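Structure first, commentary second.
Derivation of every value follows stated rules applied to the coordinates shown; laboratory data play no part. What you are looking at is a predicted structure, and each value in this text was computed from that prediction instead of being measured. As a convention, Cβ positions derive from the backbone with ideal geometry for all residues, glycine included, and neighbour counts pool all protein chains shown.
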2 protein chains.
Amino acid sequence: MAVTIREVAQAAGVHVSTVSRTFSAPNLVNAETRERVIAAAAELGYRPNLAARALTTGRTNNLGLIVADIANPFFPPLIKAAQSYARVRGYQVFVADTDEDPRVEEELIGTLARQVDGVLLVSPRLSNAAIVRLGADLPFAVVNRRVKGMPAVLMDVGTGAGAAVDHLAGLGHRRLVVLGGPRNSWTSGQIRRAAGAAAERHGVELSYHGPNAPTEQGGYRAAAAVLAAGATGVIAYNDLMAIGAIEGLATAGAEVPRDVSVVGVDDTVAGRLNRPKLTTIAMPTQTAGRAAVDLLLQAIDEAASGTVQMILETDLVVRDSTGPRVAVERRV
Amino acid sequence: MAVTIREVAQAAGVHVSTVSRTFSAPNLVNAETRERVIAAAAELGYRPNLAARALTTGRTNNLGLIVADIANPFFPPLIKAAQSYARVRGYQVFVADTDEDPRVEEELIGTLARQVDGVLLVSPRLSNAAIVRLGADLPFAVVNRRVKGMPAVLMDVGTGAGAAVDHLAGLGHRRLVVLGGPRNSWTSGQIRRAAGAAAERHGVELSYHGPNAPTEQGGYRAAAAVLAAGATGVIAYNDLMAIGAIEGLATAGAEVPRDVSVVGVDDTVAGRLNRPKLTTIAMPTQTAGRAAVDLLLQAIDEAASGTVQMILETDLVVRDSTGPRVAVERRV
DNA sequence: GTTGTTTTTACAACCGGTTGCAGGACTCTG
DNA sequence: CAGAGTCCTGCAACCGGTTGTAAAAACAAC
């Protein structure tokens, strides 16, 4: 069916190895012969079988990129940055979605093994132990997770979360709640820790509610917990949850930002479109995508490259979903 | 490095072919031997090399899915639907993004060849001729494009576009403009044709402005053309463009829906979050994703399966970005 | 105990490339 | 013109599996 290297060799009147070298090491073959081979290849429409090549060389020139949920607007910018940068470096990126399911994530890694030279795990849902175990088989780079001995790009949401608490405390809020994300999320823990520390500094109360599904649904359902806690300031795990929470609060009769202030995380397009426009912690996703590819390629090339962990700062972007606490508690 | 079938064979004291069959045709091997092989495999942590398997069988059990822009909220729901349905059918889906560039798209198809059993082209930017040419090498299924001899899922935006014109005409608008999308977009042509026909039926004026980049930017820039045409009704190629156009109009002092009514296409989350909430044409993306995988697998299995083209209806969803035309032209 | 049938396993070729090695042709020296 | 050095090309093994075929073993029937 498909034309192989042997047919090209036949047509050009040379040995297969010559054809192979024409493409993989052109300088080793006589210019004239090379022309002949290239002509024959073009004539027959020869395309090298990359899977076969990978079998001998051990290199596929593909990277895998695993995310929990493509539909979460946090991921696409990162994916695009990674993809276009990888292309420049001569790699193709295959993206796969785990549906927030750690089992699928693990299965996916298995499938990807030996079809790619390395895998980028973005906000993985697997446990650290599982990641380390799987990492023995396949180079990884991890985004938003600190894993021992593994190259990582960390968006330090802690700085942003601290700033968010400063901001809320400054507006007079005395009771805050953090709406956490998925169980194994490093980012979620990071927010909780940093917000907790900042809250203590300001002497304001801070409680935690989680884990939650990192979706609008998850936020919507969590709104009840916010009201139950009597909180007037909320930091949600991501923009989607924040948007959902705002809706949930509205349903329960609490208006944002009049009654409750809500801060999101990620600075996604969804947050910018939402009304009220979301106050949120901006993540440098594009930088992270590029950097992660960089680290991964480095890990692939130099087998053991010492652990590099790159930490990127995050900033609070103040928009319209936060405001001063009204003097009198409205819900008595 | 990695453990191969030979090492397992050695450990279990059998020939490699027995190991192979233990996994690919278990019923051909004695239960007791099978146990031994499986134990040895587990012990050594054997994982079959899928690339090698693909080389002999010609089957990878992978599908490719090519989209123009993952960050466009139209795509993720479709991707997710395709991916999860494919998983059920025993296939893995690799997604790749072309950055709206036909050249990248073509290159990508070349890379994907023989690493996947077939490719799903969603809203391709390539010309029909190119698609047909490339389709000779690799099974395709196409979404939102009609290509001779190729299985396709078409979301007939025409019905929705007609309904949109009906809606706008009913609100009193007499001058409409269609903001088209990318050059090779079938959907864009579809909208233009159907809207044109409906406009004629109602005796309202309709002009076309395009091609435009299918992004907020593209819509923002096109706002000027809307005003220049003196139109009070707009149908944009997609929600993003519609949102951008609304912003652009606002910048120029025209308010939506008071001065101009805008209709989007796709019914994405962005449109729902936007204020005013977008009136838009809802596309059955999830159904389309599933159906496309179905058609593709069918094409893969039965080499020549006659062209199946599946047409899905679209509906107009009326929200807040459309309203009655004010009696007096505001911009005199 | 022989023959025939079925089950189970081993052998070896093959998928489509790559690559170390060896040898032939050619060029350059002395 | 012999010998050394280059350049080019062919040979053949190999990557890690699969699979058709043949041989061996187990079993059944007579």
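By count of other Cβ within 10 Å, fewest leading, how are A:LYS277, A:LYS80 ordered? Before the final figure, lay out each step's value.
Values: A:LYS277 15, A:LYS80 19.
Taking fewest neighbouring Cβ atoms as first place, the list is A:LYS277, A:LYS80.
Sort B:ARG103, A:ARG174 by Cβ crowding within 10 Å, fewest neighbours at the top.
On the way: B:ARG103 11, A:ARG174 17.
Ascending number of Cβ neighbours within 10 Å: B:ARG103, A:ARG174.
Stokes-Einstein diffusion for chain B at 25 °C, viscosity 0.890 mPa s, with a Kirkwood radius from C-alpha pairs, works out to 111 µm²/s. All other residues whose Cβ lies under 13 angstrom from that of A:ASP156 are scored, Lys and Arg at +1 and Asp and Glu at -1, for a net of +1. Given contacts defined as C-alpha pairs under 8 Å and at least six residues apart, what's the relative contact order of chain B, whole-number percent? So the answer I get is 17 percent.
Considering only the other residues whose Cβ falls under 15 Å of the Cβ of B:ALA129, what net charge follows from Lys and Arg at +1 and Asp and Glu at -1? Walk me through the numbers on the way to the answer.
Working: positive: B:ARG103, B:ARG125, B:ARG133, B:ARG145, B:ARG146, B:LYS148, B:ARG183; negative: B:GLU105, B:GLU106, B:ASP137.
Result for the local shell: +4.
Taking only alpha carbon atoms, the stretch A:99-142 gives an Rg to Rh ratio of 0.91, where Rh is the Kirkwood radius.
Taking square-rooted eigenvalues a ≥ b ≥ c of the alpha carbon gyration tensor, is the protein assembly as shown rounded, prolate or oblate, where a/c under 1.5 means rounded and, failing that, a/b exceeding b/c means prolate? It is oblate, given that a/c is not under 1.5 and a/b is not larger than b/c.
Highest GNM mean-square fluctuation among A:GLY160, A:GLY289, A:GLY149, for chain A modelled with Cα contacts below 10 Å: A:GLY149.
Enter the per residue convex hull volume of the stretch A:1-88, computed from alpha-carbon coordinates, in Å³ rounded to the nearest integer.
It comes to 143 Å³ per residue, whole-number rounded.
Just report the Cα centroid separation between the stretch B:74-137 and the stretch B:171-226, whole Å. Between the Cα centre of the stretch B:74-137 and that of the stretch B:171-226, the gap is 28 Å.
For peptide B:88-101, the mean count of partner chain Cβ atoms within 10 Å of a residue's Cβ comes to 4. Each copy carries a label point for A:LEU44 at 7 Å from Cα toward Cβ; from one copy, the others' points are 3.5 nm away, ordered from shortest. Kirkwood hydrodynamic radius computed over the stretch B:202-319 comes to 15.8 Å, based on all pairs of distinct alpha carbons. Counting only lysines at least 8 places from A:LYS277 when in the same chain, those with an alpha carbon closer than 27 Å to its own are A:LYS80, B:LYS277. Other residues with beta-carbon under 11 Å from the beta-carbon of B:GLY219 carry, at +1 per Lys or Arg and -1 per Asp or Glu, a net charge of -2. The share of C-alpha pairs in the stretch B:142-254 whose separation exceeds 26 Å stands at 17 percent.
Residues A:THR187, B:THR215, arranged from fewest to most other Cβ atoms within 10 angstrom of their Cβ, appear as B:THR215, A:THR187.
Inter-chain Cβ neighbour count for B:48-54, averaged per residue, equals 6 (cutoff 10 Å, partner chain atoms only).
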